[in-house]
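Below is one structure, written out as structure tokens, with a few remarks after it.
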Amino acid sequence: MGETANQIPPSGFGKLQWSDLLKSVLLAAGANALISLYTIINSGAWPTREDWMDILQTTIAFMISYIIKNVFTNNVGQFAKKDEPVVTVPAKELDKVIEKAAEVK
């Protein structure tokens with residue numbers, strides 16, 4: 001929780017966070033691990049060097065496209081639109097809202 005204030009919603013358009021990079025690596029690696037398994041199952045052998053090069057290229061392409069998507073997404077999830085207005089919420093107020101939301105569950 002922020003000690004003084006949080007911005008709701010956080011900034012987004014034109015910004016990239018480390019978590020976006022990590023997610024792109026995890027998604028690309030996971031998808032291509034499945035592609036590798038598919039190659040192994042269908043051929044009964046480990047992927048060849050050419051297969052690994054194709055897998056690496058698709059991994060890089062997937063990472064780049066995911067990062068581009070995140071850079072051009074605004075703070076409310078809309079693609080290629082400006083950020084929506086941001087409301088600064090004092091931390092004490094935000095804690096009250098969180099407590100109230102927890103009671104509803």
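The values are calculated or read from the model by the stated rules, or taken from the named source; none is laboratory data. Fair warning: this is a prediction, and the values are worked out from it, not measured in the lab. Note that each Cβ is placed from the backbone with ideal geometry, even for glycine, and that neighbours are counted across all protein chains shown.
Return the total of residues in the stretch 1-54 being of a type in the set (Val, Ile, Thr), within 30 Å of Phe79 (Cβ to Cβ) and at pLDDT 85 or above.
Number satisfying all stated conditions: 1.
Output the residues belonging to the stretch 49-105 that are outside any helix (DSSP H, G or I), of a type in the set (A, V, I, L, M, F, W, C) and surrounded by 11 or more Cβ atoms within 10 Å (Cβ to Cβ). Steps first, answer last, please.
We begin by selecting, within the stretch 49-105, every residue outside any helix (DSSP H, G or I); these are 72-90, 105.
Imposing the further condition that a residue be of a type in the set (A, V, I, L, M, F, W, C) reduces the set to 72, 76, 79-80, 86-87, 89.
Matches in the stretch 49-105: Phe72, Val76, Val86, Val89.
Identify the residue in the stretch 18-48 that is in a helix (DSSP H, G or I) and of a type in the set (Ser, Thr, Tyr) and, among all such residues, is farthest from Asn70 (Cα to Cα).
Ser43
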